[in-house]
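Enquirer: Dropping a structure here in structure tokens format, bear with me for questions.
The values are calculated or read from the model by the stated rules, or taken from the named source; none is laboratory data. Note that the structure is a prediction, hence the values are computed from the model and not measured. For neighbour counting, all protein chains shown are included, and Cβ atoms are generated from backbone atoms with ideal geometry for every residue, glycine included. Side chains are part of the model used for accessible areas, which takes the heavy atoms of the whole protein and leaves out ligands, DNA and RNA. Shrake-Rupley method; radii C 1.70, N 1.55, O 1.52, S 1.80 Å.
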Amino acid sequence: MTESLRYLSTRGGAPAATLGEAVAAGLAPDGGLYVPERLPTLTPADFDPDGSLADTAATLLAPFFAGDPLAAGLPAICAEALDFPVPLRALPQRNAQMLEVFHGPTAAFKDVGARFLAACLRRLPRTDARPLTILVATSGDTGAAVGAAFHRQLGVRVAILYPDGLVSPRQAHQLGCFGDNVQALRVAGRFDDCQRMVKAALNDAELQAAVPLSSANSISLGRLLPQMSYYAHAALAFWREHGEPLNFIVPTGNLGNALACLWVRAMGLPLGEVRLACNANATLPEFFAGGDYLPREAVATLANAMDVGAPSNFERLRWTFRDDATLRRTLQAESVADATIRRTLAMHACEHGEAFCPHTATAMHRLDDLREQGDDRPWAVVATAHPAKFEQVVEPLLGRTLDVPPALAAMLQRSASAEPLAAEDEALKRWLR
Ligand SMILES: *Cc1c(COP(=O)(O)O)cnc(C)c1O
């Protein structure tokens, strides 16, 4: 058995925590994000070549769980959370691959992290008899995934905060359709307001004493770690078949999905280059072009789940690469405007009959550019949501109606409701009390 890993805060002002403590807390007590004291290393030979995604996840995450009371349950947690396919599909027209991470119950990749976090929290001992309130700020997809993962779970209440009017109608319906222990709050503000309100509540010791709180945002290690498994699974399969590393283009907002990819590579597994595709919110592209890191208010775009002006995992990214010069040498990020998203969706619909979601289209545009520049390396575009969640954008460009996956269709048939909330820290705190 490997030695147990301790978890530290990116801000260096919190005591070391065990994995279980870090997962239960969400945010570190000094306001930083939990990171492992070091990233473990593995080789392809450590993995079962015939293993399922859940098997790959259990092998990959074992060193992160070593020594923690949750370790014994890890294979079962993986099997419970990762019970849907994450296929690496060939895109012959681009001589590339598409990693489809949206085949879970709410049709976006957020299901992976939400279901894994729920499976962990179900197994963590709680000394407090009061219900645990899980706060989640969402730009559209996270909230539904977390709601679905915790719906009707005893001892847990979920409060979903989303920016009113800035999510697609189907996303809004999904967010409000749960009822029971899951409450949707439509906030009169932007996603960054929702995120700030959640952080303020979690950082309020007095409130925490009155109402036990946790978070399910991408700042939670319990969501970040399982997202690593599909990158490892796809890259290992590609490596075994082709003998070379697969490169990834990741649609990026809060950097949770992209960071998971980078951590898998940093663990020594065969992944090549990683590129970030952003929407018009250019905080990251400007930083990678040599500018300062300037968090700002988000602007609304067609790829709304990426409407982030202050990417919360940036602290973890800096921790991973230690200094900005190394970080800038290692990664590239490009901003893709709404007009380009539309053009990319229309072009692929017309030439190849293919439909993607607007987020996936930002990465597809990066691939189109690379191919045009003569780059012939093996790339995988990460497809983060099913296009049917964004039918108002996609269908007019596609010229036909999209099939709705059965789980999404069932949610759309339920009634939905959300409570209005002002975009102020105090408003959420009052609501929680
Ligand atoms: C959340 C989300 C993203 C952005 O992922 P991050 O981990 O925040 O970078 C991209 N696309 C879709 C569909 C999403 O739901």
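Enquirer: Among the numbered conditions (1) surrounded by fewer than 16 Cβ atoms within 10 Å (Cβ to Cβ); (2) closer than 19 Å to His173 by Cα, tell me where Pro378 comes up short.
Expert: Among (1) surrounded by fewer than 16 Cβ atoms within 10 Å (Cβ to Cβ); (2) closer than 19 Å to His173 by Cα, the lone unmet condition for Pro378 is (2).
Enquirer: Take the range 159-171 and flag every residue that is at pLDDT 95 or above and of a type in the set (A, V, I, L, M, F, W, C).
Expert: Kept after step one, since they are at pLDDT 95 or above, are these residues of the range 159-171: 159-162, 164.
Selection gives Ala159, Ile160, Leu161.
Enquirer: Where in the range 216-289 are there helices (runs of 4 or more DSSP H), lying wholly inside it, with at least 1 residues that are within 13 Å of the ligand (Cβ to nearest atom) and under 16 Å from Val101 (Cα atoms)?
Expert: Passing ranges, in order: 221-242, 256-266.
Enquirer: Okay, next question. For residues that are of a type outside the set (Asp, Glu), more than 16 Å from the ligand (Cβ to nearest atom) and in contact (Cβ under 8 Å) with a residue 24 or more places away in the chain, tally how many sit in the range 201-215. Reasoning before the result, please.
Expert: To start, the set of residues in the range 201-215 that are of a type outside the set (Asp, Glu) comprises 201-203, 205, 207-215.
Narrowing further to those that are more than 16 Å from the ligand (Cβ to nearest atom): 201-203, 205, 207-214.
Subset that is in contact (Cβ under 8 Å) with a residue 24 or more places away in the chain: 201-203, 207, 210-214.
Residues flagged as of a type outside the set (Asp, Glu), more than 16 Å from the ligand (Cβ to nearest atom) and in contact (Cβ under 8 Å) with a residue 24 or more places away in the chain within the range 201-215 amount to 9.
Enquirer: Over 21 Å from Ala114 (Cβ atoms) and within 19 Å of the chain's Cα centre (by Cα): is that true of Gly32 in this structure?
Expert: Yes: the conditions hold for Gly32.
Enquirer: While we're here: Determine if the range 56-75 includes at least one residue that is open to solvent by 50 Å² or more (accessible area, probe 1.4 Å), hydrophobic (A, V, I, L, M, F, W, C) and under 28 Å from Thr138 (Cβ atoms).
Expert: No.
Enquirer: Any chance the range 260-279 includes a residue that's open to solvent by 10 Å² or more (accessible area, probe 1.4 Å) and either modelled with pLDDT under 95 or within 17 Å of Thr360 (Cα to Cα) (or both)?
Expert: Scanning the range 260-279 turns up at least one residue that is open to solvent by 10 Å² or more (accessible area, probe 1.4 Å) and either modelled with pLDDT under 95 or within 17 Å of Thr360 (Cα to Cα) (or both).
Enquirer: Next up: Taking only the range 354-380 into account, find how many residues are in contact with a Phe, Trp or Tyr (Cβ under 8 Å, 6 or more places away or on another chain) and within 12 Å of the ligand (Cβ to nearest atom). Talk me through it step by step, then tell me what you get.
Expert: The initial filter retains those residues of the range 354-380 that are in contact with a Phe, Trp or Tyr (Cβ under 8 Å, 6 or more places away or on another chain), namely 357-358, 364, 367, 370, 378-380.
So of that shortlist, the ones also within 12 Å of the ligand (Cβ to nearest atom) come out as 357-358.
The total comes to 2.
Enquirer: Exactly one condition in (1) open to solvent by less than 20 Å² (accessible area, probe 1.4 Å); (2) touching a residue at least 60 places away in the same chain (Cβ under 8 Å); (3) in contact with a strand residue (DSSP E or B) (Cβ under 6 Å, 6 or more places away or on another chain); (4) away from the ligand (no atom under 16 Å from the Cβ) is not met by Cys177; state its number.
Expert: Status for Cys177: all satisfied but (3).
Enquirer: Go through (1) within 15 Å of the ligand (Cβ to nearest atom); (2) assigned to a strand (DSSP E or B); (3) open to solvent by 30 Å² or more (accessible area, probe 1.4 Å) one by one and return the number of the condition Arg157 breaks.
Expert: Failed condition: (1).
Enquirer: Hey, another quick one. Taking the criterion of being closer than 18 Å to Thr10 by Cβ, within 16 Å of the ligand (Cβ to nearest atom), within 22 Å of the chain's Cα centre (by Cα) and open to solvent by 10 Å² or more (accessible area, probe 1.4 Å), would at least one residue in the range 316-337 satisfy it?
Expert: Looking through the range 316-337, at least one residue is closer than 18 Å to Thr10 by Cβ, within 16 Å of the ligand (Cβ to nearest atom), within 22 Å of the chain's Cα centre (by Cα) and open to solvent by 10 Å² or more (accessible area, probe 1.4 Å).
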